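The structure appears below as structure tokens.
We did not get these values from a lab; they are worked out from the coordinates using the rules stated. These numbers were taken from a predicted model, which means no experiment stands behind them. Positions of Cβ are backbone-derived with ideal geometry, glycine not excepted, and every protein chain shown enters the neighbour counts.
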Amino acid sequence: MLNAKPVSVPLASHFKLSSSESPSSNEDEEFMSPIPYANADWSIIYDMVCTLSDIVQAVSVIDNVPSKSENLGTNSVLLSGWCRMKNLMEAGEIWNEMIDQGLNPDVVTHNIMLDGLLKVNKKSDAIKLFEVMKVKGPPPNVRTYTILIRDLCKHSKLNEAVAYFDGMTSSGCNPDAVVYTCLITRFRNLKKMDMVFGLLKELKEKGYPPDGQLYNALIKLMMNRRMPDDAVRVYKKMIQSGIEPTIHTYIMMMMKSYFDFFFCG
């Protein structure tokens, strides 16, 4: 090694990669699945640059790599970069270039565009894209429905969100904990407790373990209903499940102490 000659590498010297950069969720695995191993290094570079909002540099990089690296995965990363910056014009050009190159956008790429459209409040265009997916493919998956339901919940369109939730189950896509958490949190904020407890029961029956967001939602629910002891039980269960509390969790538990001091002596 002492006699080895230095060579240039794709990453700058200050970039450090570790096991944390590997896919750690179903969403990450879905995103990486269409990317061949030989091209994964370039995809990582594009994604890192796009994440830093330096999309122009990412475009410059892709213009100077071998054509074999210009596959669906790497173009999807660029598409994601433009969508993150809410630049749908450039994102549309990337989409059209993929079509011209014979790279048919898959469900991951469609989901990126769907999310991008909703980020700039183009709901009607997003719905059209979703309907095209249902008719012509690729068929919507759990992630597709999650993107739509999350946006509808964000804008308090609960009736529409529930309609897509029902359509999701009828189409054979089983809702995951993320979808349930989104709906439960929103219904809780609107104090529609019958829906909250109904969804919680369904979530438990399906055997989905709650995530940190759902635990926080449950703690807040118990505090709002002046059930601090139940909030503590949920908090302890959260710790036992190996989920690290957030700053919001601690704030709510401080509220529990406040409640005990003023209302319980």
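Got a sec to turn the phi values of the range 185-198 into Karplus ³J(HN,Hα) couplings, 6.51 cos²θ - 1.76 cosθ + 1.60 with θ = phi - 60°, whole Hz, x for Gly and Pro?
4, 5, 5, 4, 4, 8, 6, 9, 5, 4, 5, 4, 5, x
Is there a quick way to get the dipole size of the range 153-265? I mean about its Cα centre, with the Cβ of Lys and Arg at +1 and of Asp and Glu at -1; what is the value in debye to the nearest 20? Mind showing how you got there, number by number?
Working: 16 positive and 11 negative charges, 61 e Å.
With only Lys, Arg, Asp and Glu charged at Cβ, the dipole is about 300 debye.
Using the eigenvalues of the Cα gyration tensor, what equivalent ellipsoid semi-axes result for the range 108-265 when each is taken as the square root of five times the eigenvalue, whole Å, largest first?
One finds semi-axes of 34, 15, 14 Å for the range 108-265.
³J(HN,Hα) across the range 114-129 via Karplus (A = 6.51, B = -1.76, C = 1.60, θ = phi - 60°), whole Hz, x for Gly/Pro?
4, 5, x, 5, 6, 4, 9, 6, 9, 5, 4, 5, 5, 5, 4, 4
For the range 75-202, give the magnitude of the charge dipole about the Cα centre (Cβ charges: +1 Lys/Arg, -1 Asp/Glu; no others), in debye to the nearest 20. Could the numbers behind the result be given before it?
On the way: 17 positive and 14 negative charges, 134 e Å.
For this selection, approximately 640 debye.
So what's the net charge close to Asn104: Lys and Arg +1, Asp and Glu -1, counting the other residues with Cβ under 14 Å from its Cβ? Walk me through the numbers on the way to the answer.
Details: positive: Lys136; negative: Glu97, Asp100, Asp106.
Counting the neighbours of Asn104, the net charge comes to -2.
Of Lys119/Lys191; Lys122/Lys157; Lys123/Lys204; Lys134/Lys157, which sit over 24 Å apart, Cα to Cα?
On the way: Lys119/Lys191 27 Å; Lys122/Lys157 15 Å; Lys123/Lys204 32 Å; Lys134/Lys157 22 Å.
From the list (Lys119/Lys191; Lys122/Lys157; Lys123/Lys204; Lys134/Lys157), the Cα-Cα distance tops 24 Å for Lys119/Lys191; Lys123/Lys204.
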